[in-house]
Ligand code: CAA
C-alpha cells in the first residue's frame, strides 16, 4: 500500500513541488492550505491530490482535520511541516500582531501537526517528519526577527524529536532552503531582492524542485539512518 504523506501549505510554492513529486513517486498525498482557494482549486484540477483547508495555527482545527484524514486513509506516515508566512519589519517597527501571526503559523503549527501524528507513527514503528526551515533561521535577516526566530526554533524541535523517536523507526529532519523562486520571495521589494541575489554565490534563486528532491529522499525507507540533521539548500549563501 502507498505511504500517506501530509504536506502543509502543499498547494503553492515549495509545498506544491513537494506534493507533486511525492505523488509522482507513488505516495498518497494530502496538501493542506489555509487561505488561497483559487490557487488550491487550480492545483486540485491539475493533480490527483486531495486538498484540505484548515488553519494549522489552530490546535483544535488541526486535531479535527487529522482525525478526519486518519479515518479516510488509516494513518499519516509522512508529515512535511512546510506551511509558513512572512510579516517582515525591523523589530523597532514590528507590531505585536506581526510577531504573533508568524509565531503561530510557523512555529505553533509544528506542535499542532506533529503532536497529532506522532503516537500513530510510534505504534506503527515508522514515520518521516520533515520541517521546512530557512537560511534566515541560520544566519538572521534584517526585518525578520519573527520569521528567523521560528525557523531557528524548528531545528531545536526537530533534534529533540529525533532523540525521542529514533528507536521507534521515526526520523525528524530539517531542510533549510535559501531564497527560492516562489511568490513569497517575489513579494520582496525589487531593488532589495536584486541586492540579495547579488550576495548568493550561485547568482540565482533556487527552484522549488531543488527542495522537493531532498524531501523525496529523506522520506524514503533508504534514509532511515538520517536523523536530527539539517540540510542547507541555498546556492552557497550560508555555510555552516
Ligand atoms: N542591513 C542593514 N541595513 C539595512 C538592511 C540590511 N539588510 N536593509 C535595510 N537596511 C536599512 C536601510 O538602508 C534603511 O536605512 P536608512 O533609513 O538609513 O536609509 C533602513 O534600514 C530602512 O530600510 P527599508 O527602507 O528597507 O525599511 P522598510 O521598513 O521600508 O522595510 C523590510 C523593511 C520590509 C524588512 C525590507 O527591508 C525588506 O523587505 N527586506 C528584505 C527582508 C527579506 O529578505 N525577507 C525575506 C522574505 S522571503 C523569505 O523569508 C523566504 C526565505 O526563507 C528566504
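The values are calculated or read from the model by the stated rules, or taken from the named source; none is laboratory data. Small disclaimer: the values here were computed from a predicted structure and weren't measured. Positions of Cβ are backbone-derived with ideal geometry, glycine not excepted, and every protein chain shown enters the neighbour counts.
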**Complete:** Selection from the range 167-203 of residues closer than 30 Å to residue 228 by Cβ and more than 18 Å from the chain's Cα centre (by Cα) yields 167, 168, 169, 196, 199, 200, 201, 202
**Message:** If the requirement is being surrounded by fewer than 19 Cβ atoms within 10 Å (Cβ to Cβ) and either within 24 Å of residue 206 (Cβ to Cβ) or free of Cβ contacts under 8 Å to residues at least 40 places away in the same chain (or both), which of these qualifies: 31, 44?
**Reply:** 44
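List the helices (runs of 4 or more DSSP H) inside the range 132-237, counting only whole elements, that have at least 3 residues being buried (at least 17 other Cβ atoms within 10 Å of the Cβ) and more than 14 Å from the ligand (Cβ to nearest atom).
145-165, 208-218
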**Residue list for the range 119-131, restricted to those being surrounded by fewer than 17 Cβ atoms within 10 Å (Cβ to Cβ) and either in a helix (DSSP H, G or I) or in contact (Cβ under 8 Å) with a residue 60 or more places away in the chain (or both)** = 119, 120, 122, 123, 124
**Message:** Being at positive phi, touching a strand residue (DSSP E or B) at 6+ places or on another chain (Cβ under 8 Å) and either buried (at least 18 other Cβ atoms within 10 Å of the Cβ) or not in a strand (DSSP E or B) (or both) narrows it down to one residue among 84, 9; which is it?
**Reply:** 9
**Message:** Residue under question is residue 156, and the condition is that it be over 21 Å from residue 228 (Cβ atoms) and modelled with pLDDT of 95 or more; does it hold?
**Reply:** no
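If you check 103, 85, 76, which single one turns out to be within 20 Å of the chain's Cα centre (by Cα), within 16 Å of the ligand (Cβ to nearest atom) and within 21 Å of residue 160 (Cβ to Cβ)?
103
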